[in-house]
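**Student:** Can you read through this structure? Questions will come right after.
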Amino acid sequence: MPDETNSAPSTPAAPSTPAAPSKFSAAPTPTPVTVLGLGAMGQALAGAFLAAGHPTTIWNRSAGKGDDLVARGATRAASAADAVRAGEVVVVCVVDYDASQAVLEPLAADLSGRVLVNVTSDSPERAREAAKWAAGHGIAYLDGAVMIPTVMVGTPEALLFYSGDEAAYKKHEALLRSLGGQSAYVGADHGLAAVYDLSMLDFFWTSMAGLVHGYALAAKDGVPASALAPFLQSHFSLIALLIGETATEVDAGAYPGEQANLAVELEGVEHILHAAERRGLDVSVLRGVRDVAKRAVDLGHGGDSWTATVEGVRNPRA
């Protein structure tokens, strides 16, 4: 992370290995925890803390939320300051960092000496700014990213990323794992949780775009999505196998293309694009795939594997 002198971010650390379900299921020592923000995700987080046996205090900017949590044993604080003073760890989950800073700014003195965990979604830059603010007020700070829907919060399969103050994470790891058994600490740079978040969502949303486009293409010739789905599920196992191999090639900057080279694969993309155009479909995403691959070929990677398209992504003006 950038230190308090605003130096450049440190080299990303490898994520910590998630605990096995048996460790997840072990009862942690109860830790008083406060949740600021009771949207759907904030309520799910508070509920998971309660289920794990942690004394939980809640607060929301607008009234009328959290009755179910109170019925389950949570304490509703009269003010944000009261809520903060009740918790050893304070978790904030609101709409964005403008909202979180509006909540936290008046609470700096109350937060001093506590651990602040911000799982509000935003950019790595905003996370680093928040970390600098926290350091200036003597607040141990972790930035986090919740990678699962509310219904999965508190389960062994739930994935959350944390970055920032490693000592704070280690001290409260059991508490944080009550939110998800696949919780991972990814490094001291406070922006890294957001980097992991954005990168994974980048993959998710572009993959979903391809999924619905494939369904739309098939439907134009009378094939329902439900008929195609089983074959796509089977095909996805290939993608799962390629994830690690592609990562190795990207990190090494070497893209062996003996089995299938980019120039040939690019022709296949052109065929799909033309078929979609003839069927009156939007092809903006496919055109983008084609353009990035063509740029990589123009950069001299025609004989390399499809992974070389990363060079087209990295050099948008080439």
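**Student:** Find which of L217, L241, G42 sits farthest along the positive direction of the dipole of the chain, computed with +1 on the beta-carbon of Lys and Arg, -1 on that of Asp and Glu, about the Cα centre.
**Tutor:** Of the listed residues, the answer is G42.
**Student:** Let me ask another. Between W133 and A81, how many nm apart are label points set 7 Å from Cα along the C-beta direction?
**Tutor:** Placing both labels 7 Å beyond Cα along the Cβ direction yields 1.8 nm.
**Student:** Let me ask something else about it. Roughly how many nanometres apart are two label points built 7 Å out from the Cα toward the Cβ at S237 and D67?
**Tutor:** Computed distance between label sites S237 and D67 equals 5.0 nm.
**Student:** Right, next: Between Q259 and A275, what length comes free when the chain is fully extended (0.36 nm per residue of separation minus the Cα-Cα distance, one decimal in nm)?
**Tutor:** Full extension of this stretch gives 3.2 nm more.
**Student:** HN-Hα J couplings of segment 120-136 from phi, Karplus 6.51/-1.76/1.60, θ = phi - 60°, integer Hz, Gly and Pro as x?
**Tutor:** So the J values, rounded to whole Hz, are 6, 7, 6, 8, x, 5, 5, 4, 5, 5, 5, 5, 5, 4, 4, 4, x.
**Student:** Once you sort the root eigenvalues of the Cα gyration tensor of the chain as a ≥ b ≥ c, which label holds: rounded (a/c under 1.5), prolate (a/b larger than b/c) or oblate (the other case)?
**Tutor:** prolate
**Student:** For helix 40-51, report the angle its Cα long axis makes with the longest principal axis of the Cα atoms of the chain; keep it between 0 and 90° and round to the nearest 10°.
**Tutor:** 60 degrees
**Student:** Looking only at Cα atoms, what is the convex hull volume of segment 198-318 per residue, in Å³?
**Tutor:** Dividing the Cα hull volume of segment 198-318 by its residues yields 117 Å³.
**Student:** Looking at A174, V310, A254, which one has the Cα that reaches farthest to the positive end of the dipole of the chain (charges on Cβ: Lys, Arg +1; Asp, Glu -1)?
**Tutor:** The residue sitting most towards the positive pole is A174.
**Student:** Can you work out the Karplus-derived ³J(HN,Hα) for every residue in segment 218-226? Use 6.51 cos²θ - 1.76 cosθ + 1.60 with θ = phi - 60°, whole Hz, and x for glycine or proline.
**Tutor:** These are the phi-based 3J(HN,Hα) values: 5, 5, 4, 10, x, 9, x, 4, 5 Hz.
**Student:** While we're looking at this one, here's another question. Let me have the 222 nm mean residue ellipticity of the chain computed from DSSP H runs of 4+ only, each contributing -39500 (n - 2.57), with the sum over all residues rounded to the nearest 500.
**Tutor:** -15000 deg cm²/dmol
**Student:** Using a Förster distance of 51 Å, how high is the FRET efficiency between E267 and E166, based on the Cβ-Cβ distance and rounded to 0.05?
**Tutor:** According to the calculation, E is roughly 0.55.
**Student:** Classify segment 21-189 from the C-alpha gyration tensor, please: rounded if a/c falls under 1.5, else prolate or oblate depending on whether a/b exceeds b/c.
**Tutor:** rounded
**Student:** Between S123 and L198, what is the label-point separation in nm under the 7 Å Cα-to-beta-carbon projection?
**Tutor:** Once both label points are built, they end up 0.7 nm from each other.
No value in this document is a laboratory result; all are computed from the given coordinates. Keep in mind the model is a prediction, meaning the values are calculated, not measured. Glycine also receives a Cβ, built like all others from the backbone with ideal geometry; neighbour counts cover every protein chain displayed.
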